[in-house]
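K.L.:
I'd like to ask you about the structure that follows.
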Amino acid sequence: MLQWPTATRFKRGGRWPNPGASNLFVATVLLALFAAPVMFNGAKTEVYMPSAANEVRIVNSGSTNTLGFTLTVAENAAAMLEQGNSREPKQLPIETVGRFFATLRAVGPLDALSASQCTKSASFGTTTKVFYAGKASPDISCPNPNPQVQELARDVMALVDATGAKVVPR
């Protein structure tokens, strides 16, 4: 059992006032540390950076009513679609993937792209971002006057369409 230093314990004969209080306290702390990230699945806090230099990660946040997805695409056209509890390997058209990577290299650092704001439904609004080379794009699902962002959004949609990803209700 976890013992706190004597100076900070509530002493009554060297024991906690309630014998189960220390266990309850430890259980509460562990729950807060480990279960909270699972309970609040809609607000993901993990970093979505790809693990390899030749990979891109496309993340759709999902919404209150729909599941989001993560699409990881390698330059060799191999992909992994993750949605809900499923992970599905995909092989995408090499031409589509090649055009997408060419666009990525042409636009430069993704965090330097101009962001635009758009109004979204509280229940159905999603965001879609691209993560590549340690940088993240703005939300490409918002209309943007920048032609580079428009081209990136078109290429992302082509990749998502090629996977057959569907909007899945929660």
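The values are calculated or read from the model by the stated rules, or taken from the named source; none is laboratory data. Bear in mind that the values here come from a model prediction, so they are computed numbers and not experimental data. Here the Cβ is made from the backbone with ideal geometry for all residues, glycine too, and neighbour counts use every protein chain on show.
K.L.:
Considering every residue within segment 141-154, establish whether at least one is over 19 Å from residue 81 (Cα atoms), assigned by TED's automatic domain parsing to the domain that holds residue 60 and of a type in the set (Ser, Thr, Tyr).
P.N.:
no
K.L.:
Could I ask something else about it? Consider residue 164 carefully, then state whether it is over 19 Å from residue 75 (Cβ atoms) and of a type in the set (Gly, Ala, Ser).
P.N.:
Yes.
K.L.:
What single numbered condition from (1) more than 18 Å from the chain's Cα centre (by Cα); (2) farther than 19 Å from residue 74 by Cβ; (3) modelled with pLDDT under 90; (4) not basic (Lys, Arg) fails to hold for residue 151?
P.N.:
(3)
K.L.:
Being assigned by TED's automatic domain parsing to the domain that holds residue 153, at pLDDT below 90, small (Gly, Ala, Ser) and closer than 19 Å to residue 166 by Cβ narrows it down to one residue among 116, 63; which is it?
P.N.:
Only one candidate passes the filter, namely 63.
K.L.:
Also: Pairs only if they're at least six apart or on different chains, beta carbon under 6 angstrom, first in segment 110-124 and within 23 Å of residue 135 (Cβ to Cβ), second of a type in the set (Lys, Arg); list them, first residue then second.
P.N.:
Short answer, once both residue conditions are applied: 110/135; 111/135.
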